[in-house]
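Input: a single structure, listed below in structure tokens.
Taken together, the values in this text are just the output of simple stated rules run on the coordinates, not laboratory data. Keep in mind it's a predicted model, so treat the numbers as computed, not measured. With ideal geometry, Cβ positions are generated from the backbone for all residues, glycine too; neighbour counts draw on all protein chains shown.
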Amino acid sequence: MIAKQIEPERLQRQQAISRQVKEQISSRSPTYYIETYGCQMNVRDSQTIAGLLEQMGYLPAASKEEAKVILFNTCCVRDHAEKRLLANIGALKERKDGEEDLIIGICGCMMQQPDTAKKVMNRFPFVNFVFGTNVLWRLPEIIQCALSGERVTATEEEGFAIAEDLPAQRDSQYSAFVNITFGCDNFCTYCIVPYVRGRERSRALVDVVEEVRSLASSGISEVTLLGQNVNSYGKGMDVDFADLLKAVNGVDGIRRIRYMSSHPKDLSPRLMEAIAQNSKVCHHMHLPMQSGSTEILRRMNRNYSREKYLQLVDKLRTVVPDIELTTDVIVGFPGETEQDFLDTLSLMDQVGFSAAFTFKYSPRKGTRAADMPDQIPEAVKKERLQRLNDLQTRKTRENNQKYLGHRGEVLVEGFDQREQTLLFGKLGTFKMVYFPGDKGLLGTYQTVTVTDTAKNSLLGQME
Ligand code: SAH
Ligand code: SF4
Ligand code: F3S
């Protein structure tokens, strides 16, 4: 489904409010701080929130302690993130008691869960406002209310329309996240995302390309196209993800195209060809397997079997021989037997991922799996996670070995804070390489030869 746009008049009204706020706070130059939890979607949303705040005249704070506006951009994909967040908000109560003008807001996926916004507002009376993932564009109005002492809850917005052209404060001058789809239609039975982020909507191809073009003209050379399932980009429209890759590949100034995540069920031969044929598309795919047991995959509603996953990997490696794969795996899904888990270990062993994000299943209220029988005891999940991680550590080490002597191009992304002459950056395959060099090379592309390996990364020498 193509994403519906917010009416221009409503955005103009917010811009007018933004100017009013700017006037109101200009004599104080207050600062803001955003604490971001969760995935790249939230990171990207935080950049928009920062952009909107800066448009209103707020400046970035060096630390949470000195900020006058503190925002928590939340995630609820697993229990852990929630607990951490609640503790962090609670810790601000004392500060708010002695600091009348401190503004505290909470946003993100967790606030989209039924009743959570209300609960948070009741439990933390010192919180000024709560807003959901699809009303970022209303931030000027929300801040204006907070400045006048009014508490606001803004979590619903009809139809999940999106706002193009919101300002964004990006943290890198070379690499940028670009949303291509919002929401998710897959309803994996363990996952809360479709409930909190709504139905899948794709941005128009021209809008994505226009944004990439404008990023390129501001010096960005690497873009990461973001969606819960980028492979289904354009569903219900007359373009697909392969078309989008081709179009972005044609943008001058862009040197690297990354994307995430890819759902195996929508990984088509046409898309594999597009990855091979468009030279700027990096040879890395994040292809979450979740489990190696066909029966668990069925109960997860993943729409592929163990065999199908393996076939896809084989085909992909035929079409794009040097492609590197990373993955997500869940252990302890309801009813997961020791044999199911052994199947996960063996699939992971067989595929050989360069890295894996591994999770203990965490029941999410409102999802189908939360009500399934045979929930797995915590101790079993913990033990399985440990075994899975041990295997991946070994696989990562093995995989790193194949890079010894490898020569490849790295985008210099940063330098080690302790050893200022140690630079780092990623190869096209997403492998991180550390190598000696001068800070002045930040943002450039350098050819590096790999000379040694570390636990999760590589060491090299520049040419
Ligand atoms: N849309 C992406 C993933 C989004 S969530 C995709 O499908 O690839 C990121 C990862 O969190 C998932 O891949 C899954 O491994 C994990 N995850 C999601 N819900 C979870 C839950 N309830 N418990 C544990 N892990 C979960
Ligand atoms: Fe969640 Fe599945 Fe959608 Fe990913 S594809 S966001 S795991 S429902
Ligand atoms: Fe979390 Fe929302 Fe992402 S629930 S993982 S921040 S889409």
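Placing +1 on the Cβ of every Lys and Arg and -1 on the Cβ of every Asp and Glu, with no other charges, gives the stretch 8-158 a dipole of roughly 140 debye about its Cα centre.
When shorter helices are ignored and each DSSP H run of at least 4 residues is given -39500 (n - 2.57), the per-residue value for the chain at 222 nm works out to -11000 deg cm²/dmol.
For the pair Leu310 and Arg151 in one chain, pulling the backbone fully straight at 0.36 nm per residue adds 52.0 nm over the alpha carbon distance.
Of Leu404, Asn389, Ala370, which is farthest along the charge dipole of the stretch 365-413 in the positive direction, counting Lys and Arg as +1 and Asp and Glu as -1 at C-beta? Among Leu404, Asn389, Ala370, the one farthest towards the positive end of the dipole of the stretch 365-413 is Leu404. The alpha-carbon atoms of the stretch 407-462, seen along their principal axes, cover 23, 21, 16 angstrom, with the largest extent given first. By the compact-protein rule of thumb, 2.2 N^0.38 Å, the alpha-carbon radius of gyration of the stretch 235-346 corresponds to a ratio of 1.20.
In terms of surrounding Cβ atoms within a 10 Å radius of their Cβ, Ser217, Ser279 rank from fewest to most as Ser279, Ser217.
Straight-distance candidates among the lysines for linking to Lys426, with alpha-carbon spacing under 26 Å and chain neighbours fewer than 8 residues away dropped: Lys246, Lys280, Lys315, Lys395, Lys402, Lys439, Lys455. Within the straight-line cut-off of under 17 Å between alpha carbons, the lysines reachable from Lys382 are Lys360, sequence neighbours fewer than 8 places apart in one chain being disregarded. Sorted ascending by nearby beta carbons within 10 Å, beginning with the fewest, Phe353, Phe187, Phe359 become Phe187, Phe359, Phe353.
About the centre of its Cα atoms, the chain shows a dipole size close to 520 debye [charges on the beta carbon of Lys, Arg (+1) and Asp, Glu (-1) only; nearest 20 debye]. With both labels modelled 7 Å from their Cα along Cα-to-Cβ, the Ile2 to Ala204 distance reads 0.6 nm.
For the stretch 190-276, give the magnitude of the charge dipole about the Cα centre (Cβ charges: +1 Lys/Arg, -1 Asp/Glu; no others), in debye to the nearest 20.
On the way: 12 positive and 11 negative charges, 54 e Å.
Computed about the Cα centre, the dipole is about 260 debye.
Each residue in Lys96, Lys455 was given a count of other beta-carbon atoms within 10 angstrom of its own, and listing them fewest first yields Lys455, Lys96. If you bin all the Cα-Cα distances of the stretch 163-249 at 5 Å, starting from zero, the percentages per bin are 3, 13, 24, 22, 18, 12, 6, 1, 0.
Please grab the % of Cα pairs in the chain that end up more than 33 Å from each other. Each step should come with its number before you reach the end.
Working: 44022 of 106953 pairs.
Of all Cα-Cα distances in the chain, 41 percent exceed 33 Å.
So what's the projected area for the stretch 283-401, the Cα convex hull averaged over all directions, in nm²? Walk me through the numbers before you get to the answer.
Values: hull surface 28.9 nm².
Answer in nm², one decimal: 7.2.
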